[in-house]
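**Student:** Below you will find the structure I want to go over with you.
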Number of protein chains: 2
Amino acid sequence: MARWEPNAAERLAHAALDLFAERGYENTTVIDIAQRAGLGKSTFFRHFQDKREVLFGGDTMSGLLAEAIAAAPATATPLEAVAHALDAAGREVFTPARREFTARRQAVIAANPELREREALKNLTLIAAMAEALKRRGVPDLTARVAAELGALASAIAYERWCRTTADDGFGEIARQALDDVQASTAAC
Amino acid sequence: MARWEPNAAERLAHAALDLFAERGYENTTVIDIAQRAGLGKSTFFRHFQDKREVLFGGDTMSGLLAEAIAAAPATATPLEAVAHALDAAGREVFTPARREFTARRQAVIAANPELREREALKNLTLIAAMAEALKRRGVPDLTARVAAELGALASAIAYERWCRTTADDGFGEIARQALDDVQASTAAC
């Protein structure tokens, strides 16, 4: 019987990040990560399909964004619904407590081509999840795809700003501003 | 001394595609691909950094798009400059003669997670190359990023339509229509 391990996914992600930074991604095995986290290899594979995935949290983010879009007020425009999704990301993922972890994670990903590839594919998955959630609200196909792409770009810009800011602004607030900026820029295209 | 091999990159890509379809991506080595193309392993590595890359043509596409954006008339809006880039892609890459190859290539990529990851990263590289080319025309940073994202989305939509169309329309024409559709959709976001 598998034991229930509190916060196993998060402990594994932190252990992986430490090891990738200490000895490099290539020189770290799944067993190393599990050991550092004080867990077994099978616990690792219950949470993540492979070594790359440990920094990407499985499919949690897609579900989070899709649920927030579904829960946005019926009167919300597509980009307003996307703003609700980015708010949710700010509450659950890009929190003040996780800012340092997030910045270290980003540095490790940037330094490793395999992780950059996984991140690029994850990004496409998030865009597709947002577009599907918008379509379920009755947004036409093409508009849903455009809104999801603009939302992903705003999220990337908000993330850059959030990493640099010294103010107390949360990710959600910064993301709303980024969405407004991106939307204004479409008129200048 | 390395011999000059005419169309080596294209021969390698065709050989790889045949082998991936016949025996699967995992069961094909770089040596298999080079042999099937009648070339040596060293010729493979002069053209491509690894096995994944053989279906992505190195950095040819980024250069092609950036040059076309640079060569667009000075009066062109950002998205008009992007339309020039997609025209160039239609003349050089998505040609009628390459339509069947392109469709087979897409099916092989869709079936393999490693290739899908490389494709996702390539897509980010193309978006970055277009955004940089637009900035060199004096387009402000954020507008350049938005135009490049919208251009990439239009290109993806155009590609889907081009694969399905039975008409004689070239990729460039279809891409211009897709760009118009995407731009019109931004107003409904």
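The values are calculated or read from the model by the stated rules, or taken from the named source; none is laboratory data. If you're wondering where the values come from, they're calculated on a predicted model, not measured in any experiment. Cβ: placed from backbone, ideal geometry, glycine included. Neighbour counts: every protein chain shown. Accessible surface is based on the protein model in full, side chains and every heavy atom, while ligands, DNA and RNA are left aside. Shrake-Rupley method; radii C 1.70, N 1.55, O 1.52, S 1.80 Å.
**Student:** As a check on your grasp of the helix formula, calculate [θ] at 222 nm for the protein assembly as shown: sum -39500 (n - 2.57) over DSSP H runs of n ≥ 4, divide by the residue count, round to the nearest 500. Don't skip to the answer; put the middle values down first.
**Tutor:** Details: 18 runs with 266 residues, N = 378.
Rounded to the nearest 500, the figure is -23000 deg cm²/dmol.
**Student:** Let me check I've understood the local charge: for B:G172, count other residues with C-beta under 11 angstrom from its C-beta, Lys and Arg +1, Asp and Glu -1. What total comes out?
**Tutor:** Values: positive: B:R91, B:R176; negative: B:D87, B:E92, B:D169, B:E173.
Once positives and negatives cancel, what remains is -2.
**Student:** Past the 22 Å Cα-Cα mark, which pairs from A:K51/A:K122; A:K51/B:K51; A:K41/B:K51; A:K122/B:K122? Before the final figure, lay out the partial values.
**Tutor:** Working: A:K51/A:K122 15 Å; A:K51/B:K51 20 Å; A:K41/B:K51 29 Å; A:K122/B:K122 14 Å.
From A:K51/A:K122; A:K51/B:K51; A:K41/B:K51; A:K122/B:K122, over 22 Å: A:K41/B:K51.
**Student:** What shape does the protein assembly as shown have by the C-alpha gyration tensor, where a ≥ b ≥ c are the square roots of the eigenvalues, rounded means a/c under 1.5, and otherwise prolate means a/b greater than b/c and oblate the rest? Present the calculation step by step, with values, prior to reporting the outcome.
**Tutor:** Working: a/c = 1.80, a/b = 1.10, b/c = 1.64.
Here the protein assembly as shown falls in the oblate category.
**Student:** Which positions within the stretch A:149-170 get 30 Å² or more of their accessible surface covered by the other protein chains, compared to the chain by itself, with a 1.4 angstrom probe?
**Tutor:** A:E149, A:L150, A:L153, A:I157
**Student:** Still on this structure, please answer the following. At a probe radius of 1.4 Å, what is the per-residue accessible area of B:E10, in Å² to the nearest 10?
**Tutor:** Here the residue's solvent-accessible area equals roughly 90 Å².
**Student:** On the full set of protein chains, 1.4 Å probe, figure out the accessible area of A:E22 and give it in Å² to the nearest 10.
**Tutor:** 110 Å²
**Student:** While we're here: For A:118-127, what's the mean count of beta carbons from other chains sitting within 10 Å of each residue's beta carbon? Numbers along the way, then the final one.
**Tutor:** Numbers: counts 4, 4, 10, 9, 2, 4, 6, 1, 0, 1.
Across A:118-127, the average partner-chain Cβ count within 10 Å equals 4.
**Student:** Would you list A:M61, A:M130 from the most to the least accessible area, probe 1.4 Å?
**Tutor:** Numbers: A:M61 45, A:M130 5 Å².
Largest accessible area first, the residues go A:M61, A:M130.
**Student:** On average, how much accessible surface per residue is there in chain A, in Å², for a 1.4 Å probe, leaving out ligands, DNA and RNA? Can you show the working numbers first?
**Tutor:** On the way: 9140 Å² over 189 residues.
Spelled out: the 1.4 Å probe surface of chain A, per residue, equals 48 Å².
**Student:** Before we go on, tell me the buried accessible area for the A/B pair, both chains summed, 1.4 Å probe, in Å² to the nearest 100.
**Tutor:** Numbers: alone 10450 and 10440 Å², together 18280 Å².
The A and B chains share an interface burying roughly 2600 Å².
**Student:** Let me check against my output: what whole-number percent is the relative contact order of the stretch A:58-188, with C-alpha pairs under 8 Å and at least 6 apart? Can you show the working numbers first?
**Tutor:** Values: 132 pairs, mean separation 42.4, N = 131.
Taking the mean separation of contacting Cα pairs over the length of the stretch A:58-188, I get 32 percent.
**Student:** Could you tell me the relative contact order of the stretch B:8-54? Use alpha-carbon pairs under 8 Å, at least six residues apart, and round to a whole percent.
**Tutor:** Details: 38 pairs, mean separation 19.8, N = 47.
Relative contact order, the stretch B:8-54: 42 percent.
**Student:** Of A:A111, B:Q177, B:A88, which is farthest towards the positive pole of the protein assembly as shown's charge dipole, taken about the Cα centre with +1 and -1 on the beta-carbons of Lys, Arg and Asp, Glu respectively?
**Tutor:** Checking the options against the dipole of the protein assembly as shown, the answer is A:A111.
**Student:** On to the next question. Leaving ligands, DNA and RNA out of it, report the carbon-plus-sulfur percent of the accessible area of the protein assembly as shown at a 1.4 Å probe. Before the final figure, lay out each step's value.
**Tutor:** On the way: 9510 of 18280 Å².
Exposed carbon and sulfur together represent 52 percent of the surface.
**Student:** What accessible surface, in Å², does a 1.4 Å probe find on B:R118, ignoring ligands, DNA and RNA and rounding to the nearest 10?
**Tutor:** Here the residue's solvent-accessible area equals roughly 20 Å².
**Student:** Within a Cβ distance under 12 Å of A:S185, other residues only, what is the Lys/Arg minus Asp/Glu net charge? Could the numbers behind the result be given before it?
**Tutor:** On the way: positive: B:R145; negative: A:D180, A:D181, B:D141, B:E149.
So the environment of A:S185 carries a net charge of -3.
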